[in-house]
Structures are given as structure tokens and as C-alpha cells.
Amino acid sequence: MVPYAVNESSAGPEWDAFIEAAGGPFAHAYHLTAWREVHRRAYGRDPIYLGVRGRNGELSGVLPLVVHGGALRGLAASLKPGSSAAGGLRRLSSVIRGGPVGSDIEARAELLAAACRLVDERGFGDLTIETDVPGCEELVGGLRAAPDSPAWLTPLPGDPEELLKSWHKQSRNLWRNLAKARDRGVVVRPVGSRVDLWRFYRQYVLAMRRHKAVPRSWLEIRWAHRLLAPSRRCGAWVGEYRGEVVAGVMFLSVGDSVELLYGGSDPRANDVRPMHAVYWHAIEWAIANGKTVIDWGTAPADTSLANFKRQWGAEPVDSFRYMYAPGARPPDFSEAAEHRTAGTDEPSRRDPAWDRIPVDALGVAATVAHRLL
């Protein structure tokens, strides 16, 4: 076995070059070093970036980790029956779909073992790893695996017209919706200012409110766009109808894939299909920039959200969730599972009180709450 040295990396340009070279399916934009600053600015957290080097001193693997344990999480934990001292209130996790990226299996094993040691040595309650990497539980003792929702990926041809032709034959409903958005005059344009970005964010928050889910922090959106947009690793588009922003989506990109992250639309404009227009624009942009995969994120296979992704030619790809708890205590997957399913597009029961929350107020409240979790 090649000897490896694991350390808490300074995560400079070498790190990002390694991620770009690794590409899919295991490397994602959340692995990039800019997310360290996003977490600092948005959540007041200082992530732990583990790097592993081989005998020749070159970087051979990376694993970014985030510390959770704010006042709200501590209060919630203290109210649980049998809760004990504050040591277990802090939890360690990977970034979203940000498991170990290594040049070989030994590098991934060293990174996972180092993450588990951090839990033991620094008194974290547990460790959660969300990743597309299979078999991690076989690499480190005590790491447990649980089923997770698959990711949905659409392979892209070199010409967008090929997709339109295939959908015209195989997905007539999608083809008609795209035609409706075009014929009704939905205009898609890139976000060009902070005000524009807030308009996109409002559409996203509106979607989260409909599904009774807490949106991501405005500060996360703002800083991710600010730090990554200049390198074209992040961007956002809005869809306008009759001069009003009625839809939007934000993307991240690394290697040959484009990940469509947060999006939403005004239900009053659903008849003109603005989200279809925005997604099609994203696909055209991806093909024009040499990307070969659209990553739609995760969704349970038997849901309407998965069916929506399928109509765009997306196929399921296994995703995994692993947990490690100190000592003999079995890991608690419940909190991680709740986090993973919070943003799904499943129908939610009507809740008049939730529906009455002003969109701007919900966005501000989410930004404050995330800093306290």
C-alpha cells in the first residue's frame, strides 16, 4: 500500500485543480475551496478540509467537512429524552454530496479514517457523509451505511437539437411545454446584479414555502454566486413573463457536469411554463460550454419529482449516506434523512399559517436560522 499523510489542508489552488481533474461522478462543485469561504460568510463556520498526499508529495485525495452545532441545534438536543452533556451537540458532516474524492481506494480509506478520528478526538456527536461513492462502510470500521435517494443525471449530446428531436418522439408532454413557453414569450436571461439575484432567490423561497421546507440561506446564495460566478463555476438565470421575473434556477459546475441546484417559479405563471424555459436554457448553455451531463440532484424514485426529472431524460444513479458514531452507540440516521428530503417537490398538505408567511420574511428567517443550527 502506498503510504499517505493526511492533514488539515490549506485548500489552495492545488485543491481545486485536483477536483477539476477528477471530475464526475464523485467530484462536485461543493468540493471546491470557495465553499469554505461561503460557509464562513453565510453560517459563521470554519470547515475542516482534509487532504491526503502520497509518497511523491502530490495531492491524492480531498474531503471537506463542516461543523454543525449552533444554539438552536443545542436547544433541540437538550429537550430530547436522555440528552447529556454538550459534547455530543456538535456534529461533523460532509458538504452536500461531498464525500471523499481520491485517486485510489487507499486514499479514500485514509480520508474516511481521518474523519472518524476527528469525531473521537474532538468530541463530536457523530459524522455524516453524503456521497456518490459506494462501499465506504467496507473501508473503515464503525462506518454504517443507510439507503439514500438516487441522483438523477441526463447525458448531453453535442447538439441540443438532438434532444428536442428525441423528446418530440418520446416525451411529447415535455416537448409541448417547451413550445408553450417559447410561444407565450417567456424570456430567459442571466442574473446580472444583486437585485436580480434576490429576485431569483424570492422564486426559490416561494417554492420552498409551498413545500413547507426551510430554504437555504440568502447569504449562501449570494456568496456562492459572488465567489464562483467569475470562474463560470456558478450562475443563475431568471425567466421573465411580461417584464416580471416569474422563475429562476441556480447552477454549479465542475468538470464536465452542470448541477441544477435551487429553483422555483411563481405558480400564477405556471400556464406559460417558465421553469421549462429556464431549464432548457441551462441545457443549451451546458452543451455550448462543452458539458456532457446535467445533474438534477437527488429524489426518491417513486415521487413526482423523480418523474419530472425522468421526462428530461434523467436516469437514476446510486447515492449513499454513511454515519459514524463514537464507541458502540449506533448512529442516528433520522436527522440526516430529514435534511435530505426537506426540499423534495412532493405535494404538501395545506397549512394556512405557513402559506401566509411573507416570502421576504421567510428568506430572512431562514438566513438567521441556518446560522444558529
### Query
Among R194, R176, which is the only one that is out of contact with any helix residue (DSSP H, G or I) (no Cβ under 6 Å at 6 or more places or on another chain), surrounded by fewer than 19 Cβ atoms within 10 Å (Cβ to Cβ) and either touching a residue at least 60 places away in the same chain (Cβ under 8 Å) or under 22 Å from H39 (Cα atoms) (or both)?
R194
### Residue in the range 263-279 that is modelled with pLDDT under 95, closer than 30 Å to R45 by Cα and open to solvent by 10 Å² or more (accessible area, probe 1.4 Å) present
yes
### Condition check for R189: without any contact (Cβ under 8 Å) to a residue 60 or more places away in the chain, within 17 Å of H276 (Cβ to Cβ), out of contact with any helix residue (DSSP H, G or I) (no Cβ under 8 Å at 6 or more places or on another chain) and not in a helix (DSSP H, G or I)
yes
### Message
Being surrounded by fewer than 21 Cβ atoms within 10 Å (Cβ to Cβ), over 25 Å from D295 (Cα atoms) and not acidic (D, E) is the filter here; which residues of the range 120-139 pass it?
### Response
R122, G123, L139
#### Entry: R202 in contact with a helix residue (DSSP H, G or I) (Cβ under 6 Å, 6 or more places away or on another chain), open to solvent by 60 Å² or more (accessible area, probe 1.4 Å) and in contact (Cβ under 8 Å) with a residue 12 or more places away in the chain
yes
### Task
Can you confirm whether the range 310-323 contains a residue that is assigned to a helix (DSSP H, G or I), more than 14 Å from V188 (Cβ to Cβ), open to solvent by 40 Å² or more (accessible area, probe 1.4 Å) and in contact with a strand residue (DSSP E or B) (Cβ under 9 Å, 6 or more places away or on another chain)?
yes
### Message
Would you confirm, using the coordinates I've provided, whether R189 is of a type outside the set (S, T, N, Q), surrounded by fewer than 22 Cβ atoms within 10 Å (Cβ to Cβ) and more than 20 Å from R310 (Cα to Cα)?
### Response
yes
### Query
Can you name the strands (runs of 3 or more DSSP E) wholly within the range 115-183 that have at least 3 residues being over 12 Å from Y322 (Cβ atoms) and either at pLDDT 90 or above or not basic (K, R) (or both)?
151-155
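The rows are residues; the columns are (1) over 23 Å from E162 (Cα atoms); (2) more than 21 Å from the chain's Cα centre (by Cα); (3) not small (G, A, S).
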{"position": "A179", "(1), (2), (3)": "no, yes, no"}
{"position": "S193", "(1), (2), (3)": "yes, yes, no"}
{"position": "W223", "(1), (2), (3)": "yes, no, yes"}
{"position": "S231", "(1), (2), (3)": "yes, no, no"}
{"position": "C234", "(1), (2), (3)": "yes, no, yes"}
{"position": "G239", "(1), (2), (3)": "yes, yes, no"}
{"position": "D256", "(1), (2), (3)": "no, no, yes"}
{"position": "G263", "(1), (2), (3)": "yes, no, no"}
{"position": "W280", "(1), (2), (3)": "no, no, yes"}
### Summary
Listed by first then second residue, the pairs whose first member lies in the range 59-79 and is basic (K, R), whose partner is at pLDDT below 90 and not in a strand (DSSP E or B), with beta carbons under 9 Å and at least 6 positions apart or on separate chains, are R73/L89; R73/R90; R73/L372; R73/L373
### Summary
Quick count over the range 15-52, residues being more than 15 Å from the chain's Cα centre (by Cα) and part of a helix (DSSP H, G or I), is 13
### Residue identified as among the β-branched types (V, I, T) and in contact with a Ser or Thr (Cβ under 6 Å, 6 or more places away or on another chain) among T154, T128
T128
## Note on the structure
Expected single match for farther than 20 Å from A314 by Cβ, part of a strand (DSSP E or B) and open to solvent by less than 10 Å² (accessible area, probe 1.4 Å) among A224, A236 is A236
### Query
Has the range 171-181 got any residue that is over 25 Å from A314 (Cα atoms) and of a type in the set (S, T, Y)?
no
### Query
Got at least one residue in the range 208-218 being crowded, with 22+ Cβ neighbours inside 10 Å, more than 16 Å from the chain's Cα centre (by Cα), more than 16 Å from T367 (Cβ to Cβ) and not charged (D, E, K, R)?
no
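The values are calculated or read from the model by the stated rules, or taken from the named source; none is laboratory data. Note that the structure is a prediction, hence the values are computed from the model and not measured. Because the Cβ atoms are built from the backbone with ideal geometry, glycine has one as well, and the counts that use them run over all protein chains shown. Side chains are part of the model used for accessible areas, which takes the heavy atoms of the whole protein and leaves out ligands, DNA and RNA. Shrake-Rupley method; radii C 1.70, N 1.55, O 1.52, S 1.80 Å.
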